[in-house]
Amino acid sequence: MISEETRQTRLPASIDDVRGWFPKVDQLLFTWFLERQERRGERGDLVELGSYLGKSAILIGRHLRDGETFTVCDLFDSDAPDDSNQAEMNGSYATLTRTAFEANYRAFHDRLPEIVQGPTSEILDHVEPDSARFVHVDASHLYEHVHGDIRAAHVMLPPDGLLVCDDYRSEHTPGVAAAVWEAVADDGLRPICVTTQKLYGTWGDAGAVQAELLDWLAGRDDVWHEVQRVAGHDLVRIKGKAARPKKDELGRLKERLANSEDRLARAEDRLARARDELDSVRNSVSFKVGRSATALPRAVRRRGRGA
């Protein structure tokens, strides 16, 4: 059995080798949103609140340009600022260490991001107002902390900046859901799209982004999408499609299906022959004589049980 220490010291060869929760559809969307900002010449820093072992940070870091700063804020090995947050850390992130994060990140990048090791409530001491173009909130699941992280993101982002919130709908994270939808209802956050795991929004013009996003989605066959109307806002709902089997895999599936059908046909043939043999026995003279000879004892036993 591979120890946890050994597992963490092995350098990942691809982002899929890094432990964490970052579905393919969200990897596609992070890339699309960040590349869109680059195409439009939008400048600004990148921020991630809560990084675990670096899976999403590695992708975000690929889009850091000269003159920009990528800031990551996480408790890592530090104590949490309150008992509730510490209990969450002990239960869900016991394997999180700064050393493991840095090793994973360095496997893909020459330089580490700016690391703030501490509670996310300190992020505004390190990132200037209106200086960021992309903020990923994926730290605590407790309402009070997520509410504060979203408020901080509002300060860090200019109107057209992008906010991504993780776990906005999971049944085990109702505090995140409350904080995210409160920002939509009361703080002017305009949702752009949602996936199973993340909500993407802006305090700027969501409609313009959605129009470009829908054009991009229309040309893809690996994602499904629809548009819903939520609290007066258009919202694009996106899900990844299951990958279609390759030709050789499809051939193997067809072969297994044919073999299964052949085995089923043989089993049905054996069952039919067994039924024919049973009918033949029941219609034989010896079977009928035997049934007659035992009829009286059976009747006596039944009457005895009924007495």
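The values are calculated or read from the model by the stated rules, or taken from the named source; none is laboratory data. Nothing here was measured: the structure is a model prediction, and the numbers come from that model. Backbone-built Cβ (ideal geometry, glycine too); neighbour counts: all protein chains shown. Note: accessible area is taken over every heavy atom of the protein model, side chains too, but ligands, DNA and RNA are not part of it. Shrake-Rupley method; radii C 1.70, N 1.55, O 1.52, S 1.80 Å.
Worth pointing out:
- Residue count for region 37-72, restricted to those that are on the phi > 0 side of the Ramachandran plot and surrounded by fewer than 21 Cβ atoms within 10 Å (Cβ to Cβ): 2
- Filter result (in contact with a Ser or Thr (Cβ under 8 Å, 6 or more places away or on another chain) and either within 18 Å of Asp45 (Cβ to Cβ) or not in a loop (DSSP other than H, G, I, E, B) (or both)) within region 138-156: Asp138, Ala139, His145, Val146, Gly148, Asp149, Ala152, Met156
- For region 168-183, the criterion of being open to solvent by less than 50 Å² (accessible area, probe 1.4 Å), in contact (Cβ under 8 Å) with a residue 24 or more places away in the chain, farther than 25 Å from Leu75 by Cα and not hydroxyl-bearing (Ser, Thr, Tyr) is met by no residue.
- Scanning region 163-208 for residues that are assigned to a loop (DSSP other than H, G, I, E, B) and aromatic (Phe, Trp, Tyr) yields Tyr168, Trp203.
- Enumeration of residues in region 198-212 that are within 20 Å of the chain's Cα centre (by Cα) and closer than 16 Å to Glu35 by Cβ: Tyr200
- Among the residues of region 93-137, those that are modelled with pLDDT of 95 or more, in a loop (DSSP other than H, G, I, E, B) and open to solvent by less than 70 Å² (accessible area, probe 1.4 Å) comprise Ala107, Phe108, His109, Leu112, Pro113, Gly118, Pro119, Val127, Ser131.
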